[in-house]
1. Quick test for you: out of 321, 332, 315, pick the one residue that is over 21 Å from residue 225 (Cβ atoms), assigned by TED's automatic domain parsing to the domain that holds residue 359 and without any contact (Cβ under 8 Å) to a residue 24 or more places away in the chain.
2. Check 365, 350 and return the single one that is in a helix (DSSP H, G or I), outside the structural domain of residue 271 (by TED's automatic domain parsing) and over 30 Å from residue 259 (Cβ atoms).
3. From the list 74, 140, which one is outside the structural domain of residue 190 (by TED's automatic domain parsing), modelled with pLDDT of 85 or more and in a loop (DSSP other than H, G, I, E, B)?
4. Being surrounded by 13 or more Cβ atoms within 10 Å (Cβ to Cβ), under 19 Å from residue 98 (Cα atoms) and modelled with pLDDT under 75 narrows it down to one residue among 4, 41; which is it?
5. Between residues in the stretch 244-267 that are without any contact (Cβ under 8 Å) to a residue 60 or more places away in the chain and residues that are part of a helix (DSSP H, G or I) and surrounded by fewer than 18 Cβ atoms within 10 Å (Cβ to Cβ), which pairs lie under 7 Å by C-beta distance while being six or more apart or on different chains?
6. Within the stretch 128-146, track down each residue that is surrounded by fewer than 16 Cβ atoms within 10 Å (Cβ to Cβ) and touching a residue at least 60 places away in the same chain (Cβ under 8 Å).
7. Go over the candidates 169, 221, 204 one by one and state the one that is assigned to a helix (DSSP H, G or I) and modelled with pLDDT of 90 or more.
8. Quickly run through the stretch 301-325 and pick out the residues that are exposed (fewer than 15 other Cβ atoms within 10 Å of the Cβ), modelled with pLDDT of 85 or more and over 29 Å from the mean Cα position of the chain (by Cα).
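The values are calculated or read from the model by the stated rules, or taken from the named source; none is laboratory data. Please read these numbers as outputs of a predicted model, since none were measured by experiment. Glycine also receives a Cβ, built like all others from the backbone with ideal geometry; neighbour counts cover every protein chain displayed.
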């Protein structure tokens with residue numbers, strides 16, 4: 001079991017966020033001395049021979065556990081920060097057992113590639129945790145030389161307690177078999193994975209399965225949907241997937257990963273029925289979410305009769321589909337499996353309640369904004 005997998009286990013056990021951080025040895029010693037000095041702080045004692053490796057410190061509303069030094073770095077140590085300062089002693093004992101497994105695995109060298117992706121995943125998580133966005137990967141990363149070719153990043157997130165998403169080996173084997181090519185599987189936070197696939201591999205596979213001349217965005221969407229269906233069919237759980245445009249991972253990978261995370265968040269906020277979230281289709285949602293609360297409420301108050309519309313699931317579905325079909329009445333009726341006149345009746349009902357005729361461009365824009373803002377307001 002590697003450090004990332006242990007973090008996932010800890011989150012499921014304590015039910016609270018567990019953050020993997022890197023600390024200087026001097027800082028850890030200062031924290032240890034301060035915790036022992038203050039009677040108001042609790043130090044979870046371990047056998048004296050293991051004092052350095054396995055002692056939990058309560059500080060700043062959290063409990064910190066030192067992880068055995070799997071990187072053989074005498075200047076820095078890895079720690080788990082658990083957002084709980086009143087942990088049950090039995091849980092602390094269980095954490096100690098999990099850390100024991102980390103010690104056992106640490107003496108078994110990882111394959112070179114797995115070691116490289118673990119290192120990359122830790123570095124990316126650390127930069128994202130501290131809101132840093134370096135443009136280039138450091139030369140110390142083992143995989144950097146492989147990341148100068150154009151690749152397509154995918155972000156896979158598994159949510160919920162009832163999930164069966166496998167570890168690195170299972171996920172890597174599944175994706176490599178699906179693509180019939182090599183894929184880099186980089187573990188990030190618990191049950192969160194960055195997938196890096198060669199650009200040509202993705203586009204060639206998509207083109208082989210498409211009979212029409214599609215754009216790069218359409219090919220990426222089709223590939224992402226196929227990838228999501230594959231993962232959802234293999235494992236239980238709630239999965240969300242985001243895909244970015246091609247890039248050289250050696251340059252700008254942190255910014256791209258931050259965009260992927262934001263896209264998943266926006267997609268879940270505004271499009272709850274979707275599981276594949278595309279950054280280039282969320283520009284309006286990104287803008288709407290940035291509107292201050294006071295301005296959102298002021299705009300919504302100007303839409304008369306909006307409560308009648310927002311509370312009617314049939315009308316909401318009709319409007320969502322109408323906008324999805326580019327305000328085309330005939331295509332919307334086909335998608336909804338209703339007669340064209342039935343659709344016109346529903347749109348006339350919206351006009352009667354709100355004064356907005358969504359067949360008119362200006363009114364359609366206002367109604368679209370109202371639908372998006374209503375989702376943010378509810379959250």
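1. Details: 321 fails: over 21 Å from residue 225 (Cβ atoms); 315 fails: without any contact (Cβ under 8 Å) to a residue 24 or more places away in the chain.
Going through 321, 332, 315 in turn, just one is over 21 Å from residue 225 (Cβ atoms), assigned by TED's automatic domain parsing to the domain that holds residue 359 and without any contact (Cβ under 8 Å) to a residue 24 or more places away in the chain: 332.
2. Details: 365 fails: over 30 Å from residue 259 (Cβ atoms).
Within the list 365, 350, the selection yields 350.
3. On the way: 74 fails: modelled with pLDDT of 85 or more.
Every option except 140 fails the conditions.
4. Numbers: 41 fails: under 19 Å from residue 98 (Cα atoms).
From the options 4, 41, the qualifying one is 4.
5. Pairs found: 266/286.
6. If we filter the stretch 128-146 for residues that are surrounded by fewer than 16 Cβ atoms within 10 Å (Cβ to Cβ), which is where we start, we get 129-136, 138-140, 142, 145.
Residues satisfying the conditions are 129, 132, 133, 134, 135, 136.
7. On the way: 169 fails: modelled with pLDDT of 90 or more; 204 fails: modelled with pLDDT of 90 or more.
Residue meeting the stated conditions: 221.
8. 314, the sole residue that qualifies.
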